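Worksheet: one structure, shown below.
Read-outs: derived from the displayed coordinates by stated rules, not from any lab. Because the structure is predicted, anything quoted here is derived from the model rather than measured. Ideal geometry is used to build each Cβ from the backbone, glycine not excepted, and the neighbour counts take in all protein chains shown.
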Amino acid sequence: MPRFYATTAIAYVNDAPHIGHAYEVLLGDGITRWHRLLGDDVKYVTGTDEYGLKNQQAAEAQGTTPLELADRNSARFRDAWDELGVAYDDFIRTTEPRHTTAVQKLLQAVYDNGDIEKSTYEGPYCVSCEAYYTPEELVDGNCPVHGRPVEWVQEDNWFFKLSNYQQRLLDWHEANPGAVVPTSRRNEVLAFIRSGLRDISISRGFTWGVQLPWDTSQVAWVWFDALPNYVTAVGYGKDETSFDYWWPVDYHFIGKDIIRFHAVYWPAMLMAAGIEPARCVAAHGFLLVSGEKMSKTKLNQIGPRELVADFGVDAVRWHFLRDVPFGPDGDFSYEGMTARYNSDLANNLGNLLSRVATLVTSKCAGIGPAPPTDSPLAPVAERVYAAAAAAWDRLAPSEALEATWQLIREANAHLEAHEPWKLEPGPEVDAVLGTGIEALRIVAVLASPAIPTATAEVWRRLGLPGSPADQRLPAAAVWGGYPGGLPVEKGPPLFPRR
Ligand code: ME8
């Protein structure tokens, strides 16, 4: 059985989760759920990034300790992902002892390899980015990303000899053209490496962090403690059999703002420790709000929890996975979400289920007829599966779901063409309704990574045992899986129109 390991970035706990975080976690959830359907042995990991100055300063501003703030906000992230139905296998917090052990082992390996040296750092540091800049990179003396004032740091620090890895990184990226997607981001990474890599300071002289094993007066720079969460979660430093099984990771799902950390610093750090880099860093765009540039306050106002309370979990998941293609920036708007809900969920899926269940009740005494093997929808289902599988595979959930909905549209058109409501019970009605049920069954499986709750309900109403998530592809997408003879339940509208 192939194994499939995927991660999200771990969010800072200085604030509550916003819908940008939710987008990333749902993207990874959709893709990992698809791999579960394929029968892969899947591990999907998310979590929180709890050390560093940003979190420490947020705690000070709120009159609390960094650990109390981390406890409170980490729980908010976990709760939000639970409410969104995210099937994560592990939720890692960087303040956990297992993580300290792993980070210290990794740093020690890099140190023993001769790639960490003491030096003096002097220069600007942006706490919002948790990143060092050169004075030339600043814009009007401010952080080029946040436009906020930077700190001037002057310290004796430990430096990672990133410059030793410039050629190795280039060679590695050249040999692994799929290691960063989309290609535009890969080009950005290559250009950055080619522009020349400087050694980077990787420690700070304060206490809120992971202590360096060889110098307890310093803690690791937060990125050098955060990135290793990906190896901690699969047993690095604790269970080497597990680590060897799961590593290298298949996908790091991250936002475009942190590509440099993942595609330059992280592979170099791993190389220095004698570990293979990640197979793919997949960088998504930003979620914008109503077409406007992202602003933290706005995104905070729209919390995932409020959206779920308002629209229901599947409507939110559907909007993010169907409407926000992987790669470019995407737009979140209530109007867009409502329109998509009404067209795809209420009018297409909900309507097909309601028509089929109502007709089976009135024309077939509530017992679903088996689908004909020569149904005109059988070849449609085959094409839809091929298109959806290819799209999920290239990290395009929106295209996969669009392809899947083709089967719903054709099934609705098939009903309209045959008008079974006008026919007497008999073989023609059975054939049309068996076709409708079978289309719904296949769609329930194929759409379950995006809308697990609603598809489980479709499954239940069709009288099928188990749930769509328990099915295995490609077998479950083959026409004719519905056996016939099961009780079909009418039930209230699956997605009432809004
Ligand atoms: O960067 N739209 O944490 P973070 C889409 N702790 N994605 C967004 C977004 C938006 N509007 N805003 C943020 C960190 N993100 C570090 C990561 S990983 C070892 C350490 C994404 O809380 C962002 O791009 O600032 C990142 O991938 C994730 O949310 C966490 O962001």
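Between the beta carbons of ALA365 and ARG72, assuming R0 = 60 Å, the FRET efficiency works out to 0.60 to the nearest 0.05.
Treating r as the C-beta distance of SER467 and GLU402 and R0 as 30 Å, the FRET efficiency rounds to 0.80. Note on VAL145 and GLU83: the model spin-label points, each 7 Å out from Cα along the C-beta direction, lie 2.7 nm apart. A crude spin-label estimate for the pair SER195 and TRP421, with each label 7 Å from Cα along the Cβ direction, gives 6.2 nm. Loop-located trypsin sites (Lys or Arg not before Pro) in the range 248-339 (DSSP state not H, G, I, E or B) with no more than 14 neighbouring Cβ atoms inside 10 Å: LYS293.
Considering only Cα atoms, the convex hull volume of the range 107-224 works out to 126 Å³ per residue. Rg ratio for the chain: its Cα radius of gyration over 2.2 N^0.38 Å, N being its residue count, equals 1.09.
Using only Cα atoms, what Kirkwood radius does the range 346-487 have, in angstroms?
Working: mean 1/r = 0.0674 Å⁻¹.
Evaluated on the range 346-487, it is 14.8 Å.
Label separation (GLU155 vs ARG340): 4.2 nm, computed from points 7 Å beyond Cα along the C-beta direction. Residue separation of ARG168 and SER333 scaled by 0.36 nm, minus their Cα-Cα distance, works out to 55.0 nm of gained length. Residues whose amide H comes within less than 5 Å of that of GLU50, counting only those at least five positions distant or on another chain, are THR94, THR95 (H built at 1.01 Å from N in the peptide plane). With contacts taken as Cα pairs under 8 Å and at least 6 residues apart, the range 346-487 reaches a relative contact order of 35 percent. Rounded to whole Å, the principal axis extents of the Cα atoms in the range 71-115 read 46, 21, 15, largest first. Can you classify the range 396-471 as rounded, prolate or oblate using the Cα gyration tensor, where a ≥ b ≥ c are the square roots of its eigenvalues, rounded means a/c under 1.5, and otherwise it's prolate if a/b beats b/c and oblate if not? Here the range 396-471 falls in the oblate category.
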